[in-house]
Amino acid sequence: MLRALNTLQRRRRQRHTLKLGAVQRGLTMLEIMIVIAILGLVMGLVVVPRVMGMFGESKVKIAKLAVDQYAKSDFPKWALAHNDKGCPDSLLDVLKYVGKTEEDLKDPWGTPYKMICGQGNLPAGASGIAVFSLGEDKTEGTPDDVKSWAAAPQ
């Protein structure tokens, strides 16, 4: 009888031990939340700045494509149709002629593109008209200006 009692107590301990083992094998909700928080911090510190940098670079590329198109493609079309005028009154005249709107006159930073026209006024390397964007800082004459007659700023 004593032996049967010992066997019964041993089985109860084994069953209790198995239940604790099953609980300890899984992850708690708190542990999962901590892992997710750590992953969020890593994403915020490493990935987000790189994505924002690429977003800024894409704005410069868009502005460069626009100023090149306006000066080297759209203006010659306008000039062929208006050979009595040397310069358009504004860049908007050129854009309207090729079917664009006033919204196309704004660069990716929301500032209107600028135009320089006239043989005596053109910067070196420009022909016909020169078109430029003030860039992210919206100040003329700074290194971030995007110009149709120069390479895109780095």
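Just so it is clear, none of the values below were taken in a lab; they were calculated from the coordinates. Fair warning: this is a prediction, and the values are worked out from it, not measured in the lab. Cβ coordinates were reconstructed from backbone atoms using ideal geometry, including for glycine residues, and neighbour counts include every protein chain displayed.
Worth a mention:
- Centre separation in Å (Cα based) which lies between the stretch 31-50 and the stretch 98-154: 40
- Listed peptides 42-50, 86-94, 59-67 by packing density, highest first (mean Cβ within 10 Å): 59-67, 86-94, 42-50
- Kyte-Doolittle at least -0.5, axis length at least 15 Å by Cα - qualifying DSSP helices, the chain: 29-42, 48-69
- For the stretch 27-147, the spread of Cα positions along each principal axis, largest first, Å: 80, 29, 18
- Only one residue of H82, Q69, M115 has its Cα farthest out toward the positive end of the dipole of the chain, where Lys and Arg carry +1 and Asp and Glu -1 on Cβ, and that residue is Q69.
- At an R0 of 25 angstrom, the distance between the Cβ atoms of Q119 and I62 translates into a FRET efficiency of 0.30.
- Over the chain: helical MRE at 222 nm, DSSP H runs n ≥ 4 each giving -39500 (n - 2.57), nearest 500: -15500 deg cm²/dmol
- Loop chymotrypsin sites (Phe, Trp or Tyr not before Pro), the stretch 20-106, which have at most 14 other Cβ atoms in a 10 Å radius of their Cβ (DSSP): none
- Taking the chain and dividing mean pair separation by its residue count, relative contact order in percent (alpha carbons under 8 Å, at least six apart): 19
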